[in-house]
Amino acid sequence: MATTLIIGAGGVGRVVAHKCVMNKDVFGRIVLASRSLGRCKTIQEELSGAIEITTVDADKTQEVIKLIKEVGADIVINVALPYQDLAIMDACIATNTPYLDTANYEHPDEAKFEYKLQWERDAKFKEAGIMGLLGSGFDPGATNVFCAYAQKHYFDEIHTIDILDCNAGDHGYAFATNFNPEINLREVSANGRYWENGKWIETKPLEIMQVWDYPEVGPKDSYLLYHEEMESLVQNIKGLKRIRFFMTFGQSYIKHMEVLQNVGMLGIEPVEHQGMKIIPIEFLKTLLPDPASLGARTKGKTNIGILAEGIKDGKKRKIYIYQVKDHEECYAETKSQGVSYTTGVPAMIGAKLMLKGIWSGKGVFNMEQMDPDPFMEEMNTQGLPWKIMEM
Ligand code: NDP
């Protein structure tokens, strides 16, 4: 029987734990570890004791090594924060344990999104004879798999890809983030960037807006952002000439973001406050609703997909591969809102394919490097059915 170690008991960790329990024949013994025990306990209670729980400081490689050895993990599913990626990867190398995450490494003091430091560990993963799967959430994650699926079945060459991330959910707050506020706000307030004809083109934060009409949701203002999956997709998709990423934001979100930015509340440098050093964005996180608490009040749908254009059999082709999920349905199943759900389910699917040996390899991989078919099949049966629209 396998032993699965999940690190991180936030919104995404909760969904991963629920979904692993639903697939217990593959995941076997499930241990959930996080910085503090409180949220682990809640999840354990929701699952009627079907998982074990413990604490770990995943910033410390030695602590993670000790935990992996103690539980005898066959895989580590890292759904803590991007800051912990390298420490957990190093612990996996030291213990020859397969690794999976959902977001690329970020240094706490620098809002920089790149795979460099994780890709650099490829040789060590190879030496250890283990697989590391990077970015097995929705975007990155399912969107990379959609691109690989389009490449395998629909195109001889893909020329342009637009990744479209629409969250039309409403939680009733004037301002809240759907996943970790610090990570979310760092991503959105950073400069935008897209890739065209072999070059990265930088834009100011939220400078480019386009209205996309999302099936089952309707037209929404969508803003061009830099998003990490583009870094690997430009390397792995044949003939690509342009790739962009758009995310929807409502006017209230944008207004609050602008004000917070202007007054310095999104700062990641410590400031002196009444003799104490505080980091503005961390303080803001304390004030904002916990994303894990949004589930019960969020209504509406998500629609995330990829719009791909290119050539098949000498003719032009354009398709949209997408997935629509209802927030309330997610909550009924896992006590989480749609953003955590659509991230946690692909994390479970990636880990399931690794444990079953359907996805295998030695080294560090991005999702589009794997055969997309088994992942797409699992999405259909694990709560994320997808559709394809020829345009
Ligand atoms: P949360 O903030 O809700 O949860 C993070 C969890 O990690 C918390 O339980 C926290 O513990 C734990 N944690 C933080 N630091 C440590 C540490 N040093 N050691 C051990 N545990 C730690 O985040 P989310 O669940 O919303 O997001 C989880 C991950 O998923 C993030 O990396 C995020 O970027 C990624 N993500 C990916 C998406 C995708 O589509 N690819 C979309 C959305 C998110 P504690 O409870 O004690 O604070």
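The values are calculated or read from the model by the stated rules, or taken from the named source; none is laboratory data. Everything quoted here is computed from the prediction, not taken from an experiment. Here the Cβ is made from the backbone with ideal geometry for all residues, glycine too, and neighbour counts use every protein chain on show. Ligands, DNA and RNA are excluded from the accessible area calculation, which covers all protein heavy atoms including side chains. Shrake-Rupley method; radii C 1.70, N 1.55, O 1.52, S 1.80 Å.
Which semi-axes, in whole Å and largest first, does the equivalent ellipsoid of region 90-173 have when worked out from the alpha carbon gyration tensor as the square roots of 5 times its eigenvalues? Walk me through the intermediate numbers first.
Working: eigenvalues 153, 90, 33 Å².
Output for region 90-173: semi-axes of 28, 21, 13 Å.
Annotation for D122 and N96: the two label points, set 7 Å from Cα along the Cα-Cβ direction, are 2.3 nm apart. Summarising the label geometry, the points placed 7 Å from Cα in the beta-carbon direction at D109 and E329 lie 4.6 nm from one another.
Legend: helices of the chain (whole DSSP H runs) are marked when their alpha-carbon atoms reach 24 angstrom or more along the helix axis and their mean Kyte-Doolittle hydropathy is at least 0.5; marked are 338-355.
Based on Cα contacts under 8 Å between residues 6+ apart, region 245-354 shows a relative contact order of 18 percent. Rounded to the nearest 20, the size of the Cβ-charge dipole of region 90-203 about its Cα centre is 260 debye, with Lys and Arg at +1 and Asp and Glu at -1.
Quick one: length gained pulling D290 to I388 fully straight, 0.36 nm per residue minus the C-alpha distance?
Working: separation 98, 0.36 × 98 = 35.28 nm, distance 3.42 nm.
My answer for the length gained is 31.9 nm.
Per-residue surface analysis assigns Y214 an accessible area of about 0 Å², computed on protein heavy atoms at 1.4 Å probe radius.
Its relative contact order, with pairs defined as Cα atoms under 8 Å and 6+ residues apart, puts region 87-153 at 38 percent. For region 200-211, 3J(HN,Hα) computed residue by residue from phi via the Karplus equation (6.51, -1.76, 1.60; θ = phi - 60°) reads 8, 10, 9, 10, 6, x, 6, 6, 9, 10, 9, 8 Hz, glycine and proline entered as x.
Cross-link partners of K112 among lysines, defined as those whose alpha carbon lies under 22 angstrom from its own and excluding same-chain residues fewer than eight positions apart: K60, K199, K204, K285. With all protein chains kept in place, the per residue accessible area of the chain amounts to 41 square angstrom at a probe of 1.4 angstrom. For region 82-135, the Kirkwood estimate of hydrodynamic radius, built from reciprocal distances between every pair of different alpha carbons, is 11.2 Å. Protein heavy-atom surface of region 318-391, 1.4 angstrom probe: 48% of the accessible area is carbon and sulfur, with nucleic acids and ligands not counted. Relative to the 2.2 N^0.38 Å rule of thumb, the chain has a C-alpha radius of gyration ratio of 0.94.
Kindly flag which residue pairs out of K116/K299; K220/K325; K126/K387 have an alpha-carbon separation exceeding 26 Å in this structure.
On the way: K116/K299 38 Å; K220/K325 16 Å; K126/K387 36 Å.
Listed pairs above 26 Å: K116/K299; K126/K387.
Taking the square roots of 5 times each eigenvalue of the Cα gyration tensor of region 159-223, largest first, gives ellipsoid semi-axes of 23, 18, 10 Å. Of the trypsin sites (Lys or Arg not before Pro) in region 331-391, the ones in a loop by DSSP (not H, G, I, E or B) with at most 16 other beta carbons within 10 Å are K356, K362. With every protein chain in place and a 1.4 angstrom probe, the accessible-area ranking of M230, M1, largest first, reads M1, M230. Figure legend: label point modelled 7 angstrom from the Cα of K241 along Cα→Cβ; residues of region 150-169 with amide N under 16 Å from it are 156-162. Place a point 7 Å from Cα of K356 in the direction of its Cβ. Which residues in region 363-391 have their backbone N less than 13 Å from it? Counting backbone N atoms under 13 Å from the label point, the list is 373-382.
Rounded to a whole number of µm²/s, how large is the Stokes-Einstein D of region 199-338 at 10 °C and 1.306 mPa s, given Rh as the Kirkwood radius over C-alpha pairs?
Values: Rh = 18.5 Å.
Reported coefficient: 86 µm²/s.
Using alpha carbon centroids, what distance separates region 267-343 and region 146-205, in Å? Result: 11 Å between the Cα centres. Working from Cα pairs under 8 Å separated by at least six residues, relative contact order for the chain is 20 percent.
Within region 1-116, all pairs of alpha-carbon atoms sorted by distance into 10 Å bins from zero give the percentages 15, 49, 30, 6, 0.
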